[in-house]
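Only one structure is covered here, and it is reproduced in the block below.
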Amino acid sequence: MKSLSTIFGSKKTTITAVILIIFTFVFNNNVSAKTIVKDTIGFKQFEGVVIDSKTKKELVYASITVNGTNISTVTNSQGDFAIKVPTIYLNNKITVSYLGYTSLIIDLKNLEEKNNIIKLETYIEELSEVKIEVKDAKSLVLEMLKRRGQNYFTKQTTMTGFYRETIKKRRSYVSLSEAVVEIYKQSYTNSKNDILKLYKTRKSTDYDKLDTITLKLQGGPFSALYMDIIKNPNLFFSEEGTDSYDFHFDTATKIDNKPVYVVSFAPKSYIEEPLYIGKLFIEAKSLALKSATFQLSIEDTEKAARLFIVKKPSRADVIPIQANYHVDYREKDGEWFYGYSRIELGFKIDYDKRLFNSVYYLTMEMAITDWEKNEENLSLKFKDRFKSNAILSDEASGFSDPEFWGEFNVIEPEKPIESAIKKIQKQLKRSN
């Protein structure tokens, strides 16, 4: 049986997003960024919701892209979106796409500034017209991994991204950190690690609701970035690691109006270590991975906890109750690249001398909102780099005014988060 280090590689904890639970909870951020610092131009913001045309159900994490540009965003967990478009692109169209639905192309000039309702039609079709020489689902996955140098960026890029991490105690938000980040992304054929830099950050933590302990997410934006499983296959499964899984074809679907194979996977029955269960969505023509959604098996809570917890109080037991993951890729001019990822973790904390336990839910998500080719192979000085083991909430300080993010695209906050932000801003006004 393969060891966990063989399957995941030496950085096996990074994809799970390491949690520090400790008793203690400043930042100097003087940065400049090639993609971030743009000419001062006007922009117009469009807001709305993406829904299923028949059921009216909100579509979560749908992609919205300004055609002819690299500008994009995603809907939040309530289907809402907001996208800021420079005025020079107001004659362009946008494409709205979602897994299993027919993509919709809309003229920006036909959109209202607010309250747009975008309806997508479901798409169901067998892939009878697509033929590929594969023996089985595992062979398809292996071919997908082999083609990463053919399908994904082979040159360095500089990306602008928006990152958010939240901590909820049961249903109430107790901590929120956000950042605009600049990513110096290496080629998919290059083994070097991606480099990340913070540009704008803000945070809020309600320490009273954290029960005298503090949860910290080590790695923060890096945890979301490591979800690029094509760039970091050893953190998920390499070609060798596929031997620990069973693969099966599921019902085919369509993404961005292109047919897609769906492959389900789960650990082999004899595997005792915590591994992943989920689905891969592989474009039929190029065999590029378009999307993946999966969860960590946490039946053995003790082993699963060791993947997450770096430090905790001796008087408390920390029990994982969920570990869900999602990653999306986008395509432009025949090349694919990382576009969005989300990690959702849940923990129950049992105290030795308390009658009731505490339940916390932690979420990390990152969306690439713009990018450009790094033709000059620019990089960052070591002192300007965000460290992979750093903690974002330690390096961000306070909330700013509503215009804090300026022209940058961010993921529209969910209504509970939005309420928490408004409450924070009211408290700041009272204290001034």
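For the range 160-199, carbon and sulfur atoms together expose 37% of the accessible surface, with a 1.4 angstrom probe and every protein chain in place. Debye-formula intensities of the range 43-156, expressed as log10 I(q)/I(0) at q = 0.11, 0.18, 0.22 Å⁻¹, are -0.50, -0.96, -1.13 (one equal scatterer per alpha-carbon, no solvent). When only alpha carbons of the range 55-104 are considered, Rg and Dmax amount to 11.5, 36 Å.
Need one number: convex hull volume per residue for the range 214-280, Cα atoms only, in Å³.
Spelled out: Cα convex hull of the range 214-280, divided by residues, is 150 Å³.
Between residue 187 and residue 332, the distance separating the two model label sites (each 7 Å from Cα on the Cα→Cβ line) works out to 1.9 nm. If you plug the beta carbon distance of residue 60 and residue 249 into 1/(1 + (r/R0)^6) with R0 = 25 Å, you get a FRET efficiency near 0.50.
Gyration tensor over the Cα atoms of the range 235-380: the corresponding equivalent ellipsoid has semi-axes (square roots of 5 times the eigenvalues, largest first) of 34, 21, 14 Å.
Here the extension length gained between residue 47 and residue 107 equals 20.2 nm, from 0.36 nm per residue of separation less the Cα-Cα distance. For the range 288-297, 3J(HN,Hα) computed residue by residue from phi via the Karplus equation (6.51, -1.76, 1.60; θ = phi - 60°) reads 8, 6, 8, 7, 8, 9, 7, 9, 8, 5 Hz, glycine and proline entered as x.
Would you mind counting up the charge near residue 290? Only other residues with Cβ under 12 Å from its Cβ, with Lys and Arg at +1 and Asp and Glu at -1.
+1
Distances between placed amide hydrogens fall under 5 Å for residue 411 paired with no residue 5 or more residues away or on another chain.
The values are calculated or read from the model by the stated rules, or taken from the named source; none is laboratory data. Everything numeric here is computed off the predicted structure, so don't read it as measured data. Backbone-built Cβ (ideal geometry, glycine too); neighbour counts: all protein chains shown. Side chains included, ligands, DNA and RNA excluded: accessible areas come from the protein's heavy atoms. Shrake-Rupley method; radii C 1.70, N 1.55, O 1.52, S 1.80 Å.
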